[in-house]
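Data block below; observations after.
What follows is calculated from the coordinates using simple rules that are stated; it is not laboratory data. For clarity, every value in this text was computed on a predicted model and none was experimentally measured. Here Cβ is always computed from backbone atoms with ideal geometry, including for glycine, and neighbour counts include all displayed protein chains.
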Amino acid sequence: MGAVASTVAARFAFFPPTPPSYGVEPPPSPAAAAADSEVVELSGVPVSRARGVEARRLPTRRGTEVVAMYVRQPGARLTLLYSHGNAADLGQMYELFVELSAHLNVNLMGYDYSGYGQSSGKPSEQNTYADIEAVYRCLIETYGVSEEDIILYGQSVGSGPTLDLASRLSNLRAVVLHSPISSGIRVMYPVKHTYWFDIYKNIDKIPLVKCPVLVIHGTADEVVDCSHGRALWELSKVKYEPLWVKGGNHCNLELYPEYIKHLKRFVTAIEKSRPVKDESPESSGPSDPSETGSESAESSRRSTDIRDKPRGQALIIDQARIDGRNLEVA
């Protein structure tokens, strides 16, 4: 049963657009290509140079190459690392990424998972963990972004790599979960425990996240029930006021005015707050790649019944007093 259930969950999770909605070409300038071999040009999208967008091919530790796009917003202090949802690629997300960067006044890095868009390889749970890690390291090493200035944003299946990375970063600024899944199997079956063959065990990882978490979910979501978002919010250590979009479904939350209004308020509050600081000596970056997202790491985590999780130590952030000095114990 385990192998069958895992296969079903994986098939639910991965539907890359075919054919890809964009192309990748070498930079028009030979000098630019020689200066930075990772830089590429996206074709089939609005002119990127005029909008301050740079695209790259990034190698992952699992041998694939993922295509990422970086939207630079002048004067921005925070950077959003966006893991998109299912059945989408960078060409389809391009305009939204540019608009979000402008409206939220953040730099934004988006990417395609292995097997999506023009990224090589095949989509899998473990590959998505390596994919987001490669993009995160690019932000740190190429663009000079500090961990404490990064907000991870995970939409739908993107909540999987987002929470996997967030659970291993000690000084991350914040996390946004947009129509998230609590786990792959739970999308299809109302199970109460985490099984070894499940994928994206977000419900086990969310308690490990140390920074503020915003959850956004539609109340009429027929793909991933709103109960997934509510369960993850309940288990968050540092809660920000969630947004339950009345009547919103799985793919249209961006069309509701309250979406951008609430998200902008969250980013502004996070920007004004003090970054979470880890007192431990090793707090820069994810764990050793040989262990990152590995099955051995997953199997060492205790199976979780969401009813058994203690909530007494959870912290709720008052929206108007998010500067870290007025946290309320739930």
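Would you please give the FRET efficiency between F197 and R57, computed as 1/(1 + (r/R0)^6) with r the Cβ-Cβ distance and R0 = 25 Å, to the nearest 0.05?
0.15
By how many nm would the segment from K261 to Q126 lengthen if fully extended, with 0.36 nm per residue of separation less the alpha-carbon distance?
45.2 nm
Residue separation times 0.36 nm, minus the C-alpha to C-alpha distance between T268 and W244: what's the value?
Using 0.36 nm per residue and subtracting the Cα-Cα distance, I get 6.7 nm.
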